[in-house]
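What follows is one structure encoded as structure tokens, with my remarks underneath.
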Amino acid sequence: MINKKRAQAADEAFPCGPKILVAGPTDSGKSSLAKMLLGWATKKQYKPMFVDLDPGQNSITIPGTLAATFVEEPVDPVNGIALKAPIAYFFGHTSPSGNPYLYKLLVREIANASISELRKERESEVRSSGVIVNTMGWVQDLGYELLLHTIKSFNVDVVLVLGQEELQKNLLDQFKGIDILYVPKSEGVVTRDKRLRHFTRTSKIKEYFCGVSNNLSPHQHSIKFNDIKIFEFSIPDGNDAIHPVPVMITRELVSSILAVTYARGPHQLLSSIIAGFIYVTNVDLRSNRLWYMAPCADPLPNRILLKGSIVFRDQS
């Protein structure tokens, strides 16, 4: 069915292939199914856009992000997804409950950005490949509301619901004209407890700075307080709009992950993709310098940074 939709898209004047969304509760096998869909697509010479909206267990980059990338080859079981110019937005929390208003805004941003990138591609094989969206495992109450928002934001064509027939039924009641299919949960899916999830998140951050095989060495840098500006997003209360709030540089920043943005000013932070990440190792109040680790020796490409609640303490 999916390849049929891709073939139909390839025949159109301005093709955009099917938008496929994988939904289901925690530990139902969503990420595994998404990777299988990517593998099947690439073996047919398609190059789909993969979008991961799970800020707790993101498979493209570090936790706390919403990210997208073109996939041209099957996902390597060790090295993961071979990244090609990924698009990443920093949400800053491992659960949408950290700031649901921000999560909704960033879902809309990444939906527009990823589909726009797809339509820019000159090769019809790429444009018709479509989008595969992996979602988080929170499907009750606010989580369900966010799932509905995601389906609408991406204008989804196909929803694959894993392991929960009630969720499929509810979505069928909500949407007409969308293929909403139930997929039984695989017997091989392992249930992960809170401790294992924390370990996986920490490992993903360490992988970003030290490499998959722990064969890379991050670089230590320092910068004057006056040479950087750090912001975090407000949590709206009542009718207040979400906005960036300046963060004071204190010792409380030690171990924080900071996202390096491309924003030219605070007004661009909501729509700015991320250049990369650093983590703070020391704040020297006497010399007014912030010490941090980065994956490369180059200076920061931009001095406007974003903070959330993500921290990293390297125990190695």
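Nothing in this text is a laboratory measurement; each read-out follows from the coordinates by a stated rule. The model shown is predicted, which means the values in this text are computed figures rather than measured ones. With ideal geometry, Cβ positions are generated from the backbone for all residues, glycine too; neighbour counts draw on all protein chains shown.
Annotation: extensible slack from Ile235 through His267 equals 9.9 nm (criterion: 0.36 nm per residue apart, minus Cα-Cα distance). Once you've got the GNM for the chain with C-alpha springs shorter than 10 Å, pick whichever of Val78, Val158, Val260 has the biggest mean-square fluctuation. Sorting by GNM fluctuation, first place goes to Val78. By its C-alpha gyration tensor, with a ≥ b ≥ c as the square roots of the eigenvalues, how is the stretch 64-130 shaped: rounded for a/c under 1.5, else prolate for a/b larger than b/c, else oblate? Taking the square roots of the gyration eigenvalues as a ≥ b ≥ c, the stretch 64-130 is oblate. In this label model, Val78 and Asp284 are separated by 4.0 nm, measuring between points 7 Å along each Cα→Cβ vector. Measure nothing fancy, just the Cα-based angle from helix 100-120's long axis to the longest principal axis of the chain, in degrees from 0 to 90, nearest 10. The angle comes out at about 60 degrees.
Evaluated with a Cβ-only charge set (Lys, Arg +1; Asp, Glu -1), the stretch 9-88 carries a dipole of roughly 80 debye about its Cα centre, given to the nearest 20.
Just from its helices, what would the mean residue ellipticity at 222 nm be for the chain, if runs of 4 or more DSSP H residues each count -39500 (n - 2.57) and the sum is divided by every residue, rounded to the nearest 500 deg cm²/dmol? Don't jump to the answer; show the numbers that get you there.
Values: 7 runs with 88 residues, N = 316.
Rounded to the nearest 500, it is -9000 deg cm²/dmol.
Using the alpha-carbon atoms, what tilt in degrees (0 to 90, nearest 10) does helix 30-43 show relative to the longest principal axis of the chain? Tilt relative to the chain: about 70 degrees.
Suppose a student asked you for the relative contact order of the stretch 91-171, using Cα pairs under 8 Å spaced at least 6 residues apart; what percent would you report?
Working: 31 pairs, mean separation 24.3, N = 81.
Relative contact order, the stretch 91-171: 30 percent.
Close Lys pairs in the stretch 83-230, defined as Cα atoms under 17 Å apart and 8 or more places apart or on different chains, number 5. Assign one of three labels to the stretch 2-191, namely rounded, prolate or oblate, based on the Cα gyration tensor with a ≥ b ≥ c the square roots of its eigenvalues; rounded applies when a/c is under 1.5, prolate when it is not and a/b is larger than b/c, and oblate otherwise. It comes out rounded by the Cα gyration axes.
Rank Ala241, Ala113, Ala68 by mean-square fluctuation in a GNM of the chain with C-alpha springs under 10 angstrom and give only the top-ranked residue. Checking each option, the largest mean-square fluctuation is seen for Ala241.
Taking the chain as a Gaussian network of alpha-carbon nodes connected by springs under 10 Å, the highest mean-square fluctuation of the residues Ser28, Ser97, Ser124 belongs to Ser97.
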